[in-house]
Amino acid sequence: MVLLEFSMSPFDKGESLSEYVARSLDIVDKSGLPYQLTPMGCIIEGEWDQVMALVDACFKRMSEDCSRVSTSIKIDYRAGKSGRLKSKIQSVESKLGRTLST
């Protein structure tokens, strides 16, 4: 199972990019894969082919009307382990003995 964190934004659309980011998040949300939106990107959980296809779909949508796209991707693969979007945070919280602001 893969946790993939990515951010994607156009370089040619000015300072406010939420319109373009929202289009990607619409694709992510409709995919049915577990995800977590953060202020700096999005984390998706799934099999390798699923998460890579999702990033590809976001890129293709953005490149339809954006001539320069910046993408940053970070991947954590762990065989046979799912539910890590929540379990990784819960593990740290249990060691601290309190809930963190996430």
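Rule-based calculations on the coordinates, nothing more; no lab input. None of the values given here were measured: they were computed from a predicted structure. Please note: Cβ atoms are built from the backbone with ideal geometry, for glycine as well, and neighbour counts cover all protein chains shown.
Tabulated data
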| item | result |
| --- | --- |
| Inter-label distance, nm, simple model (7 Å from Cα along the C-beta direction), Met40/Leu85 | 2.0 |
| Using θ = phi - 60° and Karplus 6.51 cos²θ - 1.76 cosθ + 1.60, couplings along region 68-74 (whole Hz; Gly, Pro as x) | 9, 10, 9, 10, 10, 10, 10 |
| Links that overshoot a 25 Å alpha carbon limit, given the list Lys13/Lys88; Lys13/Lys86; Lys30/Lys81; Lys60/Lys86; Lys30/Lys60 | Lys13/Lys88; Lys13/Lys86; Lys60/Lys86 |
| Size of electric dipole in the chain: Cβ of Lys, Arg +1 and of Asp, Glu -1, about Cα centre, debye, nearest 20 | 500 |
| Gain on full stretching of the segment that runs from Leu96 to Asp29 - 0.36 nm per residue minus C-alpha separation | 21.0 nm |
| Mean Cβ neighbour count within 10 Å, used as a protection proxy, ranking 89-97, 3-11, 69-77, 17-25 highest first | 3-11, 17-25, 69-77, 89-97 |
| Approximate spin-label separation Ser18-Trp48, in nm, with each point projected 7 Å along Cα-to-Cβ | 3.8 |
| Glu45, Glu15 arranged by Cβ crowding within 10 Å, fewest neighbours leading | Glu15, Glu45 |
